[in-house]
Every structure is written in structure tokens, then in C-alpha cells.
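Shown next, in C-alpha cells, is the structure this report addresses.
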Amino acid sequence: MASTETKAPATAAEGDGSGDIAGLEAGLDALESRVVDRQPWLRTAASKAFPPLVAIAIVLALWQLAYHFALKPHYLLPSPVDVGRSLQQKWLEGTLLSFVWTSVSRGALGFLASVVLGTALGLIVAQVKAVRAAIGPILSGLQSLPSVAWVPAAIIWFGLSDATIYTVVLLGAVPSIANGLVAGVDQISPLYLRAGRTIGATGLAGVRHVLLPAALPGYIAGLKQGWAFSWRSLMAAELIVNAPDLGTGLGQLLEQGRELQDMSWVLSAILLILIVGIGIELLIFAPVERRVLRSRGLLVKS
């Protein structure tokens, strides 16, 4: 009887302890999880679109006020309506989409080539210490060098041709992509890489199944920056490299407006360049980045 009486409190104590542990685990799970109420997609889209629309409205209002009070002569600072009419004229002429397509196709082709070269170069620099010591600082220097600085050299090398434009795009984008991949690889835990080698993921298989997936957030950031440099380099090249057989892109359109001293034309070209750059970011890179971050638990879907 004595032994039975002494065991009963112990059993009760064990029950209380297991209950406390279960409660603690449930509390930790509650802290890690986040309950998000799903909102209708229309409300979500409206909430995301409202702030940019307000900002655009403010800019247009200030622009119209500057035009109204003649801060600059009207031929130097046209109104938003004048710029809209210029865009409408190009649209009615049937040339607007061809200008945009010429630049977008050049930018896409140059960017894809930059991705191939920048990825290969970034992997070599990240994996080979001697190569990193030799050209790592050079890559950083090339990334900070304005792309327009390459245009005179490219013209001397290739003349007024598409090769000149693509050379400037490559020299502007490749260093950014390579540096982004190197930064992503540097953030990978050594334990993760050793685990990959342990299961036989070495060589190209290790790069494909371990290295690149682990470095993906930094790599995506490098791709985004590479596209920005690619688009900027393309516009710089198109502004200077102008020949009838090259076709007319947005950069050439901007230069034609300058030659004609038509400020509405110039601002229309600037607006198109801005719209294309923002559109590529929002339609391609932003969804890819969100998907990568969500797959790693770094972003909660709302």
C-alpha cells in the first residue's frame, strides 16, 4: 500500500510535466505560424495599385502646375497633355510598337547572353580562389564603371553595328550577374555544401542540385541588377550608335527628338523607356523573386 501511494503522485507529476511540454510546443508552433486572412484578389490588387497611382497623380499635378506658371518656356517644358498627344501621334502612325519592340528584343537577347556568361563567370570566381583573387576586384570595378564609357571603344572595334550595341550591353550586365551569384554562393552554409558532397553531389551535379538552388536568392538579386544594367547600357548605346540599317529603338527615338528640339518627343521617349523598365521588373522579376522567397519561408503569402 505504501508503494502504491508513493507512485501515484509521481504519475501525476509526470502527467503534469508532459502537459507542460505539450503546451510549450504548441506555443512555439503558434509563434512560428502566422495566420493570414485571405483577401479577395480585387481588393489586394486595388491596395497595391493605389499608392503608385497616387504618386503618379501628384507628379502629373506638379508637372501641370510648372507648365501653368511657366517655370520654363512651353517649348522647353510641354504639358502632360502635349506629351500624351505626341505618344498618340506615334501610335496612329503605327511606329510606336516597332520602336518598343526593337529595344525590348535587343535588351532580351543581350540579357540572355549576359546570363549565360555571367553565371559561368560567377561560378568560376566563387569556386576557384585564385581566380577570385585575380579578377574579383576587376569585376567590382567593371560593375561601377558607367556603361556609356564603353561606347566609344565599341564603335572603334565594331563600327556602327548591332555588335557595338550588344558589346556595351554585355559589358554592363555580366559583372552584375557574376557578382550577384558570387554573393549568393558566399552566403551558403559550409555544412550544406558538405552534406551535398556526402550524398555524391559533386561537379556539375553539385552545381545544379546544391550550389545554384542554395544561392538562388542572391542570384535572383544579381539577375535583377543585371537587367537594370542591361537596359541602361542599351539606352546609352542606342543614343550614340545611330545608323539607318540598325532600325530605330527607344534610344534612337530619344536622340531624334533631341536633334529636332522637340521636347514633347523627348519626354515621350523617356516615358516609354521608364514604362518598359518598370514593366519588365513587375511582370518577370518580382513574381520570380516572390516565389523563391516563399519557397524558403522568407515571405508569407497574403
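The values are calculated or read from the model by the stated rules, or taken from the named source; none is laboratory data. What you see is a predicted model; the values in this text were computed from it and never measured. Virtual Cβ from ideal backbone geometry, glycine too; neighbours counted across all protein chains shown. We work out accessible area using only protein heavy atoms, side chains counted, and drop any ligands, DNA or RNA first. Shrake-Rupley method; radii C 1.70, N 1.55, O 1.52, S 1.80 Å.
Evaluated against (1) under 20 Å from Ile165 (Cα atoms); (2) open to solvent by 40 Å² or more (accessible area, probe 1.4 Å); (3) more than 24 Å from the chain's Cα centre (by Cα), Leu253 falls short on exactly one condition, (2). If you go through region 55-69 and pick out every residue that is open to solvent by less than 60 Å² (accessible area, probe 1.4 Å) and either outside any helix (DSSP H, G or I) or more than 17 Å from Gly84 (Cβ to Cβ) (or both), you end up with 1. Would you check if there is a residue in region 266-278 being open to solvent by 20 Å² or more (accessible area, probe 1.4 Å), within 16 Å of Leu87 (Cβ to Cβ) and not in a helix (DSSP H, G or I)? Taking every residue of region 266-278 in turn, none turns out to be open to solvent by 20 Å² or more (accessible area, probe 1.4 Å), within 16 Å of Leu87 (Cβ to Cβ) and not in a helix (DSSP H, G or I).
Counting the residues of region 148-194 that are under 24 Å from Arg132 (Cβ atoms) and of a type outside the set (A, V, I, L, M, F, W, C) gives 12.
Residue by residue, here is whether (1) open to solvent by 20 Å² or more (accessible area, probe 1.4 Å); (2) in a helix (DSSP H, G or I); (3) over 19 Å from Gly118 (Cα atoms); (4) touching a Cys at 6+ places or on another chain (Cβ under 6 Å) holds:
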residue	(1), (2), (3), (4)
Ala149	yes, yes, yes, no
Ala154	no, yes, yes, no
Leu171	yes, yes, no, no
Pro175	no, yes, no, no
Arg194	yes, yes, yes, no
Gly206	no, yes, no, no
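Only one of the listed residues (Gly218, Gly203, Gly226, Gly251) is out of contact with any Leu (no Cβ under 8 Å at 6 or more places or on another chain) and under 27 Å from Arg106 (Cα atoms). That residue is Gly226.
Val210 passes every criterion in (1) buried (at least 19 other Cβ atoms within 10 Å of the Cβ); (2) under 30 Å from Trp150 (Cα atoms); (3) of a type in the set (Val, Ile, Thr) apart from (2).
Evaluating Ser230 against the criteria (1) part of a helix (DSSP H, G or I); (2) small (Gly, Ala, Ser); (3) open to solvent by 40 Å² or more (accessible area, probe 1.4 Å) leaves one unmet condition, (3). Selection of region 181-192 for residues being of a type outside the set (Asp, Glu) and open to solvent by 10 Å² or more (accessible area, probe 1.4 Å) yields Val182, Ala183, Val185, Gln187, Ile188, Ser189, Pro190, Leu191, Tyr192. Among the numbered conditions (1) open to solvent by 20 Å² or more (accessible area, probe 1.4 Å); (2) assigned to a helix (DSSP H, G or I); (3) over 30 Å from Arg85 (Cβ atoms), the only one that Val292 does not meet is (1). Out of Lys90, Lys72, Lys48, which single residue is charged (D, E, K, R), out of contact with any Ser or Thr (no Cβ under 8 Å at 6 or more places or on another chain), modelled with pLDDT of 70 or more and within 21 Å of Asp262 (Cα to Cα)? Answer to the check: Lys72.
Tallying residues that are more than 29 Å from the chain's Cα centre (by Cα) and in contact (Cβ under 8 Å) with a residue 40 or more places away in the chain within region 177-207 yields 0. If the condition is being touching an Asp or Glu at 6+ places or on another chain (Cβ under 6 Å), small (Gly, Ala, Ser) and part of a helix (DSSP H, G or I), then region 234-265 contributes Gly251, Ser264. Looking at Ser98, Ser86, Ser105, just one residue is in a helix (DSSP H, G or I), within 30 Å of Ala183 (Cα to Cα) and not hydrophobic (A, V, I, L, M, F, W, C), and that residue is Ser105.
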